[in-house]
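K.L.:
Supplied in C-alpha cells, the structure appears directly below.
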Amino acid sequence: MEQKKRSSDTLHTQFWYSVRWNSLESIAYYTLFAAHQLMLRIVTSTPLYGTIGVIFALIYLVITLANFGLDLSIGPFFNLLSVNKKQFRQYLIRQLMIQCIIYGVTAIIIFFIFFFAFLPIKQMSLLALPISFILSFLIITEGIKKSLRVILQLAFFSHITALVELFYIISYIILFWSTYMLRQTVSLYMVFIPMLTLSCISTAFLVIAAYRFYSSLPELSVQEPLVSDVSVPQLSLSWKQIVKNRAINYGYQLTKIVFTSNFLIPFFAFHCGLSMAALLELVTAFNQFITIIIQKIFGITGQALLSQAKNLNLNEKRKVFELVSNRLYSLLCLVILIAFIAYRPLLALNLPYQTEGSSIAVLFFLLLFCENFIILYEKWFIIEEKTFILILLNSFSFLFFYGVPRVFNFSSIGTLLVLLITLRLFSYLLLVFVSSYRWKLTIPLCFNRGGIVYFNILKYKNFPFRQNLWWLILLSFTKIFFNF
C-alpha cells in the first residue's frame with residue numbers, strides 16, 4: 001500500500017514539474033508566435049501570407065503522414081523501452097533510424113512536387129529550386145525534432161524541451177525581423193532559411209539531451225522502469241507488437257487528420273484560393289496562442305503521466321486521470337467564460353474582414369478549440385491500447401463529412417465547418433460514454449471553489465484588466481502554476 005502511495009506521489013510531483021515547464025514554454029512561445037504572425041500579416045500581401053500558410057500546413061501534414069504512427073506508439077511502451085540501454089537501442093533507436101530514412105525518401109518526393117508545381121492551388125506561384133530544397137529538408141529536421149521532443153517529454157525532460165523551443169522562437173524572430181529592417185520586404189527565403197537553420201540547431205540540442213537520457217539508463221535489465229516504484233509486468237517486447245501498435249496508431253492519425261488545420265488550410269486554399277488560406281492561417285496562429293498551450297500542457301504531459309501509470313491498478317490510474325482531467329476542464333471552462341466576458345475587447349480589435357469572413361474565422365476557431373475536450377480521452381485510449389475505437393469513430397466522422405455534402409449538394413465553407421464541429425462534439429460525448437462504461441472514469445467537473453472565485457474576480461466590472469483582452473488571456477494561464 002505504501003509503495004503504491006509513493007508511486008502516485010512520484011507521478012504527481014513529476015506531473016506538476018512538467019506542467020510548470022510546459023506552461024512557461026507555451027505562454028512565452030505562443031505569445032511571441034502570435035505577435036510575429038500578426039506583424040507578418042500586416043507587412044505581407046494576402047497571396048504571399050496565404051502561400052506561407054499553405055506551405056507551413058503542408059510541411060507538418062507531410063510529417064504526420066510520414067511518421068507512420070511512431071510518436072503515438074512510443075507512449076504505451078515507454079516504460080519497457082526505457083528499462084535499460086539494450087531495450088532502448090533495440091526497439092527505439094532502430095525505429096528512429098528507420099524513420100530518418102523514411103523522412104529522407106519523403107523529402108525527395110515532396111521536392112519534386114514543390115518544384116514541378118503539382119499543387120493545384122489558385123494564385124499560388126511556382127516555387128524555385130532553392131526554396132523547394134529548403135522546404136524538403138525542413139521535413140527531415142522537423143520530423144526528427146518532433147519525435148525527439150516526444151521521447152524527452154515522456155521521460156519528463158520538459159525543462160530541456162522548453163529551453164530548446166524558447167531558443168528556437170526567440171532566435172527566429174530576431175533573425176527574421178532584423179532581416180526585414182534591412183531589406184524592407186518579405187520573401188519565402190526570409191521565412192524559411194532562418195527556420196531551417198534553427199531547426200537543425202534545435203534538433204542537434206535534442207539529440208544531445210536524448211543521448212544523455214539514454215546514458216542514464218542501466219546497461220542491463222533491471223526490475224524497475226523510469227518511475228522506480230511502478231512494477232513492470234514484462235521486460236520483453238517484440239517487433240510484432242510494435243508494428244501492430246504503429247499500424248493501429250497510424251490508422252488513427254489518418255482518420256483524424258481531416259480535423260486538423262494542417263489539412264483544412266490547404267483544403268480550403270484549393271477550393272477558395274490563397275485569401276481564405278491567409279485568413280485561416282491567422283486564425284490558426286491565435287488559436288495556437290490559447291489551445292496549443294492547453295494541448296502541450298495537458299496533452300503531452302498528460303500522455304507522459306498516463307504512460308508512467310500504465311502498469312498501476314485501475315483505481316490508481318483513475319486517480320491519475322482525474323488529476324489531469326479536472327485541471328484541464330477547469331481551464332477550458334475558464335477560457336470559455338473569459339471569451340463571453342471579453343466580447344467588448346474582441347470587438348475593439350476591429351478585424352479587417354467582412355461579416356462572412358469573420359463568421360468563418362469564428363467557426364474555424366471553434367472547430368480547433370473542440371479538440372481540447374477530446375485530447376485527454378484520446379491519450380487514455382491510446383495508452384490503454386484501444387486505439388481501434390478511435391479509428392472507428394474518426395472513420396465514421398470522416399465518411400459523414402465527405403458523404404453528407406455530396407448527398408445534399410452543398411459546399412458552403414460555413415456549413416462544412418458547422419458539420420465538422422458537430423461531429424467532434426458527438427465524438428467527445430461518445431468517448432466520455434465509452435470510457436465511463438468501460439473503465440468507470442468519472443466525468444470531470446469544470447470548476448472547483450478556486451475556479452469559481454477566480455471567475456468572479458474576472459467578472460467584476462471594475463477589475464482593472466477586464467477591458468484588455470490580452471491581459472485576460474495571459475492572466476488566466478498564470479493560474480495554471482497554482483493548484484486549481
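Each value in this text was obtained by applying a stated rule to the coordinates, not by laboratory testing. Just so you know, these numbers come straight off a predicted model, no measurement behind them. Please note: Cβ atoms are built from the backbone with ideal geometry, for glycine as well, and neighbour counts cover all protein chains shown.
K.L.:
Set the Förster radius R0 to 56 Å, insert the Cβ-Cβ distance between residue 93 and residue 358 as r into 1/(1 + (r/R0)^6), and round the FRET efficiency to 0.05. Kindly include the intermediate steps, with their values, before the conclusion.
P.N.:
Working: r = 49 Å, r/R0 = 0.88.
For R0 = 56 Å, the calculated efficiency reads 0.70.
K.L.:
Residue 429 to residue 270: extension gain in nm, 0.36 nm per residue of separation minus the Cα-Cα distance? Kindly include the intermediate steps, with their values, before the conclusion.
P.N.:
On the way: separation 159, 0.36 × 159 = 57.24 nm, distance 3.20 nm.
Length difference between fully extended and current span is 54.0 nm.
K.L.:
If we count every other residue with Cβ under 15 angstrom of residue 52's Cβ, Lys/Arg +1 and Asp/Glu -1, where does the sum land? Don't skip to the answer; put the middle values down first.
P.N.:
Details: positive: 41; negative: 281.
That sum, taken over residues with Cβ under 15 Å, equals 0.
K.L.:
Given the pairs 240/319; 317/379; 145/240; 256/317; 85/317, which are separated by over 20 angstrom at their Cα positions? Please report the intermediate quantities before stating the final value.
P.N.:
On the way: 240/319 32 Å; 317/379 13 Å; 145/240 26 Å; 256/317 26 Å; 85/317 27 Å.
Exceeds cut-off: 240/319; 145/240; 256/317; 85/317.
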